[in-house]
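Written out below as structure tokens is the structure these notes cover.
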Protein chains: 2
Amino acid sequence: MMLSPAPKISFKAQMLQAREDAIIVTVNRLLAEKGFDAMTVDEVAAQVGIAKASLYKHFPSKEDLAAAAMVRVMRRAQAYLAALPGSMAPLDKLRAVVRWTMELKLAGEMPSLPSQNSSLRATLIANADYMNGLIEVSDQLGAWIEAAQEQGLLNPQLPAIAVLYTLYARACDPVLEFLQMGGQHTDAEIADLVLSTCFDGLNARQAR
Amino acid sequence: MMLSPAPKISFKAQMLQAREDAIIVTVNRLLAEKGFDAMTVDEVAAQVGIAKASLYKHFPSKEDLAAAAMVRVMRRAQAYLAALPGSMAPLDKLRAVVRWTMELKLAGEMPSLPSQNSSLRATLIANADYMNGLIEVSDQLGAWIEAAQEQGLLNPQLPAIAVLYTLYARACDPVLEFLQMGGQHTDAEIADLVLSTCFDGLNARQAR
DNA sequence: GTCTATAGACCGATAGAC
DNA sequence: GTCTATCGGTCTATAGAC
């Protein structure tokens, strides 16, 4: 007998998992560079190097492919939040997270989904992994927002939910790609610029 | 003999023009509520109440339909800019324009086009009416931006082009629809809120 | 009679699903 | 690799206005 049948099963599972990861990475990239509507499942299968039928063994629909990519992004976000040093001030954490999402987008790794697609919305809402991740991230950010407001560092007149949406919106801000297209600034400069307009606004400030 | 054949021709032309306007208004609304990809030509024809073949008498392609809607928006923008009192300070003009675009979006009258669709981009760039309008509007806004920066009211460290993009981006800001979906605020409150975050940022300010 | 708009069938291509 | 639906775009025959 073999020493252990377990590794064999694990190996098979690992293969499956590896292929699924490859699919998701490809979907993530395609979603980032062309968006959901322009991405075709044939394209995904071709780029992963597997048959289209095999794709449907893993994911029952195009919407579920996109959802898997969003789950991956959400997990990365959760990992990033968890890795922030506890000593950091809430406002600095928020700035760090926004910078991270903008760097993701500038690097072409932020999937872009049409917010008006109803079937896609339904799939995302039905996806427990995605929803739990979203809620956890939102709760964490919401706590930091309220803390920063109590410290008087974030405008306390703004509803926390509006602040949260404003931060989220940086992940799909067209200003980033417009500036990138212009070619006048490095990605780091663009991130600095938009981070500045996000937190400090366009108006001239006495301080700073 | 009739008194004048001229009115007859004019009447016919008026009919044509009126129908074209009806088409463009419908396209504008559909683009605003579902976006370019989800909008179908059959849908447009049905909602206008004309045959699809008649649509193609006016516009040679779906892309041209969208371009016509964008030209209409651009003309409205030019009219709005021109109507601003000359006595108004540049910064106030900028704020007024941004508020206007946000009100347009909140009212469901701002067409939303995918920025990554190449054929649509090509059609828009080839459309002289659209491009001229865009350039004129950009020049006007650019002049106000530089004036406000010289007056020390707008952060002079920001490149004018980045400010311009940031203002344009308010016309497709997802924060608007997210807040609208929440139902906690009126459209006017939402516009005030986002206008505030745009110009003043999220940070707390001493003044204000 | 002539011209134009209409309705609706129709085609070809694409893409999702299996 | 096949099936099917959808959609952009075209075509034809009929009706009606002048």
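A few remarks follow.
- Across identical copies of the chain, residue B:33 has label-point separations of 3.6 nm, listed in ascending order, with the point defined 7 angstrom from Cα along Cα→Cβ.
- Theoretical FRET efficiency, 1/(1+(r/R0)^6), r = Cβ-Cβ of residue B:186 and residue A:186, R0 51 Å, to 0.05: 0.80
- Paramagnetic reach from residue B:76 in the range B:155-192 [backbone N under 17 Å; point 7 Å along Cα→Cβ]: B:168-173, B:177, B:187-188, B:191
- Comparing A:49, A:87, B:97 along the charge dipole axis of the protein assembly as shown, the residue lying farthest to the positive side is A:49, per the Cβ-charge model.
- Per-residue shielding of B:110-119, expressed as the average number of other chain Cβ atoms within 10 Å of the residue Cβ, stands at 3.
- With Cα atoms as the point set, the range A:159-207 shows a radius of gyration and Dmax of 12.1, 36 Å.
- Note: relative contact order over chain A, using C-alpha pairs below 8 Å and six or more positions apart, is 23 percent.
- The range A:6-200: mean projected area of Cα convex hull, nm²: 13.5 nm²
- Nearest-first distances (nm) between copies at residue B:143, label 7 Å from Cα via Cβ: 5.3
- Given their separation in residues at 0.36 nm each and the Cα-Cα distance between them, residue B:139 and residue B:205 gain 20.7 nm when the chain is fully extended.
- Think of the protein assembly as shown as a dipole: +1 on every Lys or Arg Cβ, -1 on every Asp or Glu Cβ, centred on the Cα centre; then among A:155, B:126, B:167, B:126 lies furthest on the positive end.
- Residues of type aspartates and glutamates that residue B:57 reaches as a straight line, Cα spacing below 13 Å, ignoring anything fewer than 8 places off in the same chain: B:20
- Note on the protein assembly as shown: Kirkwood radius taken over Cα pairs, Stokes-Einstein applied at 10 °C and 1.306 mPa s, translational D equal to 66 µm² s⁻¹.
- With the convex hull of its Cα atoms as the shape, the range B:21-77 has an orientation-averaged projected area of 3.5 nm².
- Most mobile listed residue (B:26, B:123, B:186) in chain B, GNM with C-alpha springs under 10 Å: B:186
- Mean Kyte hydropathy of 0.5 or more with a Cα span along the axis of at least 15 Å, helices from DSSP in chain B: B:187-200
- For the range A:48-77 and the range A:152-197, distance of Cα centres in Å: 29 Å
- Cut-off 20 Å (backbone N to label point 7 Å along Cα→Cβ of residue B:107), residues of the range B:26-46: B:26-35
Bear in mind these aren't lab numbers, they're just calculated from the coordinates by the rules spelled out. This one's a predicted model, so the numbers in the text were calculated from it and none came from an experiment. Cβ coordinates were reconstructed from backbone atoms using ideal geometry, including for glycine residues, and neighbour counts include every protein chain displayed.
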